[in-house]
């Protein structure tokens, strides 16, 4: 029997997603023990899990180090990996938003300065409306940028919006809805077709996954 | 990874050449660069937007070729019969994720002219045989753009909408298809067919009856007939058991126009062969007929080639300062005569792996 290698995003979302895999019949008792191992196997279910940085999941899957994985739609839109997107898991829901200070008014006669961790998403969004922007790529604490006058607005993930509100910012526009997606390497999908297809079906059949939702 | 006998890269190139030659394809050697103008005029047919340019001595802007097909098509003559050529060339492209240009070695063939069912079948057969030569565990995915455009064309969608739908099919993303279908108010039947098409992945005998049920326009029926005929030919060649029908490979309607196929090998994360029918390009060049071809990306095959031996030479021959050159030469010849490789040195090179050490000392 062939193994299916699964890359899960480290952190809260990953824990939740693992529970979904468990429910779908791909439990791995070793993963639930507290230890420092990096790779967890369950030979009976034929699955091998490993935790990677959320933004790296798509890279592991695209390059075939993992056959399948779970990545946020934000990562898929930003890095555009060449993978199959087999199911919307309906967890890790949030929105990609433009946010700015409460009193911010867009002056269309000037170049808009946009601070973000997601330059491609920001560029695509503004170029679709022909808005000239200056992208400021940051790696964290994006909310700080408009407060210090580094940028006019930010493009970032908004879950509840409380971080924004505490800092005197507010979401202005929603760019796209985000949720966790079950992705597969294109070649693995062909050579391990039965296993991966069954996994996608089992995951999509769970109550938490939504069928409608976003693109 | 299951692999049979592994070949060296040069052997793979040689065997591919031999395969194409046996079917009467002629070698095609081209210049490393072309006038930039050719590529700009045909930009929509290029895989990557970036072209490596330089200025020739007469001030003309030249480009290192990013693509072989355009050059072949430009230089091919319009005459009776088909033009069948094969090539083995480097192309220069940027690849997504890689920063900067890369030199990529491609082997492939093109068949240009008034194509019929046999000609198309022959090219697809040669694609399958090319893969078989590298690993018997290959898979060849086959699809037909006419089947997808035949479904979408009557709906008169905007280009952007059609592109989004094809992209979702290409990702097998049925969740996105549902959302897009609702957004563009597609008929229920179209939505269902798109979703089933996206998820289809099966050998011909299983897939063809499924496709049969999806046909709703004449163009789709014609595409299916062509596929059925092609699968029949592949069965006759004995190559049908590695064939899969998969419409996620048919997402580029600007370049391809009919049969499209991709080849995969176990253990490699990306497709190693890509091809299809590209009549649009032929028509853009103002010529009748069509063209079909494929390329094998040899640079991706590194992992498939024979692993070099664990050492660089059989014998490391060390000699002292005082040993005469004639004696060294004689000793080296003796090693070579026994069928071993030899490296002659006065000191042991730190990185060199050798199986046996022999020393020549000045006779005291």
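Can you pull out every residue in region A:149-183 that is within 18 Å of residue A:13 (Cβ to Cβ) and touching a helix residue (DSSP H, G or I) at 6+ places or on another chain (Cβ under 9 Å)?
Passing the criteria: A:156, A:157, A:158, A:176, A:177, A:178, A:179, A:180, A:181, A:182, A:183.
Which residues, counting only those in region A:72-96, are in a strand (DSSP E or B) and either touching a helix residue (DSSP H, G or I) at 6+ places or on another chain (Cβ under 7 Å) or buried (at least 21 other Cβ atoms within 10 Å of the Cβ) (or both)? Before you say what the answer is, go through the steps one by one.
If we filter region A:72-96 for residues that are in a strand (DSSP E or B), which is where we start, we get A:72, A:83-88, A:94-96.
Answer for region A:72-96, where residues must be in a strand (DSSP E or B) and either touching a helix residue (DSSP H, G or I) at 6+ places or on another chain (Cβ under 7 Å) or buried (at least 21 other Cβ atoms within 10 Å of the Cβ) (or both): A:72, A:83, A:84, A:85, A:86, A:87, A:88, A:96.
Could you please find all residues in region B:89-120 being in contact with a helix residue (DSSP H, G or I) (Cβ under 6 Å, 6 or more places away or on another chain) and more than 30 Å from residue A:58 (Cβ to Cβ)?
The first filter runs over region B:89-120 and keeps only residues in contact with a helix residue (DSSP H, G or I) (Cβ under 6 Å, 6 or more places away or on another chain), leaving B:104-105, B:107, B:109-111, B:117.
Hits for region B:89-120 are B:107, B:109, B:110, B:111, B:117.
Among the residues of region A:129-147, is there at least one that is in contact with a helix residue (DSSP H, G or I) (Cβ under 7 Å, 6 or more places away or on another chain) and either under 30 Å from residue B:249 (Cβ atoms) or within 14 Å of chain B (Cβ to nearest Cβ) (or both)?
Pass one, region A:129-147, residues in contact with a helix residue (DSSP H, G or I) (Cβ under 7 Å, 6 or more places away or on another chain): A:133, A:135-138, A:143.
Checking the rest, the ones that are also either under 30 Å from residue B:249 (Cβ atoms) or within 14 Å of chain B (Cβ to nearest Cβ) (or both) come to none.
There is no residue in region A:129-147 that is in contact with a helix residue (DSSP H, G or I) (Cβ under 7 Å, 6 or more places away or on another chain) and either under 30 Å from residue B:249 (Cβ atoms) or within 14 Å of chain B (Cβ to nearest Cβ) (or both).
Exactly one condition in (1) under 15 Å from residue B:143 (Cβ atoms); (2) touching a helix residue (DSSP H, G or I) at 6+ places or on another chain (Cβ under 6 Å); (3) within 14 Å of chain A (Cβ to nearest Cβ) is false for residue B:195; which is it?
(1)
In region B:68-79, is there at least one residue being part of a strand (DSSP E or B) and at negative phi? Steps first, please.
Let us first name the residues in region B:68-79 that are part of a strand (DSSP E or B), namely none.
Checked region B:68-79: no residue is part of a strand (DSSP E or B) and at negative phi.
Identify all residues within region A:55-71 that are crowded, with 23+ Cβ neighbours inside 10 Å and in contact with a helix residue (DSSP H, G or I) (Cβ under 8 Å, 6 or more places away or on another chain); write none if there are none.
Answer for region A:55-71, where residues must be crowded, with 23+ Cβ neighbours inside 10 Å and in contact with a helix residue (DSSP H, G or I) (Cβ under 8 Å, 6 or more places away or on another chain): A:57, A:58, A:66, A:67, A:68, A:69, A:70, A:71.
Which residue is farthest from the other protein chains (Cβ to nearest Cβ), if the candidates are limited to region B:260-293 and must be surrounded by fewer than 17 Cβ atoms within 10 Å (Cβ to Cβ) and on the phi > 0 side of the Ramachandran plot?
B:286
Quick one: count up the residues across region A:76-94 that are over 11 Å from the mean Cα position of the chain (by Cα) and away from chain B (no Cβ under 12 Å).
Of the residues in that region, 0 qualify.
Given the conditions (1) assigned to a strand (DSSP E or B); (2) over 19 Å from residue B:292 (Cα atoms); (3) touching a helix residue (DSSP H, G or I) at 6+ places or on another chain (Cβ under 7 Å), which single one is not true for residue B:85?
The failed condition is (2).
Determine the pairs where a residue that is in a helix (DSSP H, G or I), located within region B:155-170, has a partner that is at pLDDT below 90 with Cβ atoms under 7 Å apart, the partner being 6 or more residues away or on another chain.
Short answer, once both residue conditions are applied: B:166/B:251; B:166/B:253; B:167/B:251; B:169/B:251; B:170/B:251.
For region A:1-67, please list each of the strands (runs of 3 or more DSSP E) lying entirely inside it that holds at least 2 residues being within 14 Å of chain B (Cβ to nearest Cβ).
Values: elements: A:4-9, A:39-42, A:47-52.
Result: A:4-9.
Of the residues A:193, A:185, which single one is modelled with pLDDT of 95 or more and farther than 16 Å from residue A:117 by Cα? Outline the logic, then answer.
Working: A:193 fails: modelled with pLDDT of 95 or more.
It is A:185.
Mind telling me which of the residues B:180, B:166, B:155, B:211 ends up being away from chain A (no Cβ under 14 Å), touching a helix residue (DSSP H, G or I) at 6+ places or on another chain (Cβ under 9 Å) and surrounded by 18 or more Cβ atoms within 10 Å (Cβ to Cβ)?
Values: B:180 fails: away from chain A (no Cβ under 14 Å); B:166 fails: away from chain A (no Cβ under 14 Å); B:155 fails: surrounded by 18 or more Cβ atoms within 10 Å (Cβ to Cβ).
When all the criteria are applied, what remains is B:211.
Checking residue B:344 against (1) touching a residue at least 24 places away in the same chain (Cβ under 8 Å); (2) over 25 Å from residue B:11 (Cα atoms); (3) assigned to a loop (DSSP other than H, G, I, E, B), only one condition comes out false. Which one?
Among (1) touching a residue at least 24 places away in the same chain (Cβ under 8 Å); (2) over 25 Å from residue B:11 (Cα atoms); (3) assigned to a loop (DSSP other than H, G, I, E, B), the lone unmet condition for residue B:344 is (3).
The values are calculated or read from the model by the stated rules, or taken from the named source; none is laboratory data. This is a predicted model, so every value here is computed, not measured. Quick reminder, even Gly has a Cβ in these numbers, built from the backbone with ideal geometry, and neighbours come from all protein chains shown.
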